[in-house]
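This report refers to the structure that appears directly beneath it.
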Amino acid sequence: MAQHDDNVVWHDHPVTRASREQQHGHQGVVLWFTGLSGSGKSTVAGALEQALHRIGVSTYLLDGDNVRHGLCRDLGFSDDDRKENIRRVGEVAKLMVDAGLVVLTAFISPHRAERQMVRDLLEPGQFIEVFVDTPLAVCEARDPKGLYRKARAGELRNFTGIDSVYEAPDSPEIQLDGEQLVTKLAAQLLDVLRDRDIIRS
Ligand SMILES: Nc1ncnc2c1ncn2[C@@H]1O[C@H](COP(=O)(O)OS(=O)(=O)O)[C@@H](OP(=O)(O)O)[C@H]1O
Ligand SMILES: Nc1ncnc2c1ncn2[C@@H]1O[C@H](COP(=O)(O)OP(=O)(O)O)[C@@H](O)[C@H]1O
């Protein structure tokens, strides 16, 4: 990929992240959901976003399926394409954190290295990794889009958990039992955000 050259110079602007955060009344952070297809990333992130929105927190949910319709529509599911997908989303999430938003992302993001790459883009404390820990057998039984069935039938290649790797996080900030009720999981996440003083009690 082309690198920018030395003639491109960073420009600071008078309105800063701190002033935007003050206006929002909370910090900008990323809640990075990771887990198998069907583990519940979108559902739990959506429920949390709804709860946050109701209490006046400025949020944005970046969802893998949706982002792949636009920003990342040119990418597939090879290791290199997944890496580029996560790189782009990481950069977008960083801009949104700079805008002072509570960003929720729902991407399989199967590789530890890519999740670490996004963590490294952000300041300490701004990246909160949320592992939606749902056994493969449960995800496969849910199979809302019929993709596991296709992957098992050999009609879909490089499917995460079947013939493409998923590297579970070693020490995520939050590990969710993906078989619990969605409302309970969203409440658990809200508690963490309050405990960390990201949102007000
Ligand atoms: N080969 C393969 N492997 C995994 N997933 C596949 C594949 N092909 C299509 N899909 C659908 O794409 C969604 C995952 O996209 P992501 O952008 O989250 O993937 S990744 O982070 O780049 O690995 C994923 O959505 P979720 O089920 O919401 O995770 C699938 O619906
Ligand atoms: N905690 C849960 N308990 C039971 N079913 C769930 C739970 N979370 C998600 N689901 C269901 O599982 C399926 C996959 O959820 P989804 O959020 O699309 O997963 P992902 O975004 O990880 O692919 C959906 O049909 C959803 O309704």
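The values are calculated or read from the model by the stated rules, or taken from the named source; none is laboratory data. Predicted, not measured: the structure shown is a model, and the values here were computed from it. All Cβ positions, glycine included, derive from the backbone under ideal geometry; neighbour counts span all protein chains shown. Keep in mind that these areas ignore ligands, DNA and RNA; they rest on the heavy atoms of the full protein, side chains included. Shrake-Rupley method; radii C 1.70, N 1.55, O 1.52, S 1.80 Å.
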Ranked order, Glu140, Glu179, Glu21 - accessible area, probe 1.4 Å, largest first: Glu179, Glu140, Glu21
Alpha carbon convex hull of the stretch 1-96, volume per residue in cubic angstrom: 126 Å³
Inter-centroid distance (Cα atoms) of the stretch 11-48 relative to the stretch 128-201, Å: 18 Å
Over the chain: helical MRE at 222 nm, DSSP H runs n ≥ 4 each giving -39500 (n - 2.57), nearest 500: -12500 deg cm²/dmol
Distance between modelled label sites at Arg200 and Val138, nm, 7 Å Cα→Cβ extension: 3.6 nm
Cα centre as origin, Lys/Arg/Asp/Glu Cβ charges: the chain dipole, Debye: 620 debye
Residue-normalised accessible area of the chain, given per residue in Å² at a 1.4 Å probe: 56 Å²
Share of carbon and sulfur in the accessible heavy-atom surface of the stretch 38-81 [1.4 Å probe, %]: 47 percent
Computed label-point distance, nm, for sites Arg157 and Arg73 using a 7 Å Cα→Cβ extension: 2.4 nm
Computed over the stretch 24-89: relative contact order in percent, which uses C-alpha pairs under 8 Å that are six or more apart: 21 percent
Contact order normalised by residue count of the chain, Cα under 8 Å, 6+ apart, percent: 31 percent
Pairwise FRET efficiency - Val192 versus Ser171, Cβ, R0 = 25 Å, nearest 0.05: 0.95
